1. Quick one: is TYR71 open to solvent by less than 30 Å² (accessible area, probe 1.4 Å) and of a type outside the set (A, V, I, L, M, F, W, C)?
2. Any idea which residue in the stretch 136-155 is nearest to the chain's Cα centre (by Cα), counting only those that are open to solvent by 30 Å² or more (accessible area, probe 1.4 Å) and over 22 Å from GLU58 (Cβ atoms)?
3. Scanning the stretch 76-121 for residues that are of a type in the set (A, V, I, L, M, F, W, C) and assigned to a loop (DSSP other than H, G, I, E, B), which turns out surrounded by the fewest Cβ atoms within 10 Å (Cβ to Cβ)?
4. Just checking, how many residues over the stretch 159-173 are in a helix (DSSP H, G or I) and either over 15 Å from GLU69 (Cα atoms) or open to solvent by 80 Å² or more (accessible area, probe 1.4 Å) (or both)?
5. Can you name every residue in the stretch 19-62 that is of a type in the set (D, E, K, R) and assigned to a loop (DSSP other than H, G, I, E, B)?
6. If a residue has to be in contact with a Ser or Thr (Cβ under 9 Å, 6 or more places away or on another chain) and either farther than 20 Å from ILE87 by Cβ or of a type outside the set (D, E, K, R) (or both) to count, how many in the stretch 33-61 make the cut?
7. Can you tell me how many residues within the stretch 29-39 are surrounded by fewer than 19 Cβ atoms within 10 Å (Cβ to Cβ), in contact with a strand residue (DSSP E or B) (Cβ under 9 Å, 6 or more places away or on another chain) and not charged (D, E, K, R)?
8. Quick one: what pairs do we get from the stretch 33-56, first residue at pLDDT below 80, second of a type in the set (Asp, Glu), C-beta under 6 Å, 6+ apart or different chains?
Amino acid sequence: MDISLLDRAIEEKLVTLRDVSWEQFKGIEAQLIDNRSVRLSYLSGILEIMSPVGLRHERVKSTLGLLLEAYMKVLGIRFYRSGGFTIEKTGYASGTPDESYCIGTDKETPDIVIEVIITSGTIDRRQLYKPKQVPEVWFWKSDTIRIFHLNDKSEYEEVERSSFFPNLDPNALLPYIAMPDQYDAVQEFEQFLRSKLP
């Protein structure tokens, strides 16, 4: 496979390769280490290569993160933003969430990872984080937010609200994510939150 072809993509593209060993995956990852426009996900022999990460993807990710941070700041919830670092189980899974947060205390494994899905792939992205027991995986896709919580059987089940933010209806975030001006969106959301405080 000619890795340089990925650099010439005009819009967000997703390539799926099967029967890729962990060693082969690590070799490809090493070749692309300095290319920030390429994102790799690996799960049990399946490798997904996304390139480039599009502007819409980054705007939704950033706005959703800023809104969550505004919520936590207004309500006085201590949090630590971990960003999009690679979470992996050697030999089996490797994924990089769009954003991640530790709630209450800083931890090696984040409490929440956020995935913005513009182009769907083959890999069930929840399975990327299960080996590390990430408590919650949030997905934004097609103007919808879905939250999956890791239950006591170590399976992700869909829930209506985050266990970390039981008073936050995730649907309340959607109109602000859709606003064309990110700054105004965050400001208006903060005003909305403050108006609800006793």
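The values are calculated or read from the model by the stated rules, or taken from the named source; none is laboratory data. The structure displayed is predicted, hence computed values, not measured ones. Glycine gets a Cβ as well: all are built from the backbone with ideal geometry, and neighbour counts include every protein chain shown. Note: accessible area is taken over every heavy atom of the protein model, side chains too, but ligands, DNA and RNA are not part of it. Shrake-Rupley method; radii C 1.70, N 1.55, O 1.52, S 1.80 Å.
1. Criteria met by TYR71.
2. Top of the filtered list is HIS149.
3. Filtering the stretch 76-121 for residues of a type in the set (A, V, I, L, M, F, W, C) gives 77, 79, 85, 87, 93, 102-103, 112-114, 116-118.
From what's left, assigned to a loop (DSSP other than H, G, I, E, B): 77, 85, 118.
Details: ILE77: 15, PHE85: 10, ILE118: 18.
Filtering the stretch 76-121 for residues that are of a type in the set (A, V, I, L, M, F, W, C) and assigned to a loop (DSSP other than H, G, I, E, B), the one surrounded by the fewest Cβ atoms within 10 Å (Cβ to Cβ) comes out as PHE85.
4. Result for the stretch 159-173: 1.
5. Matches in the stretch 19-62: ASP19, ASP34, ARG36.
6. The number of residues fulfilling the criteria is 17.
7. Narrowing the stretch 29-39 to residues surrounded by fewer than 19 Cβ atoms within 10 Å (Cβ to Cβ): 29-37.
From what is left, the residues that are in contact with a strand residue (DSSP E or B) (Cβ under 9 Å, 6 or more places away or on another chain) are 29, 32, 35, 37.
Then keep just the ones that are not charged (D, E, K, R); that gives 32, 35, 37.
Going through the stretch 29-39 one residue at a time, the tally reaches 3.
8. From residues that are at pLDDT below 80, the pairs are GLY54/GLU12.
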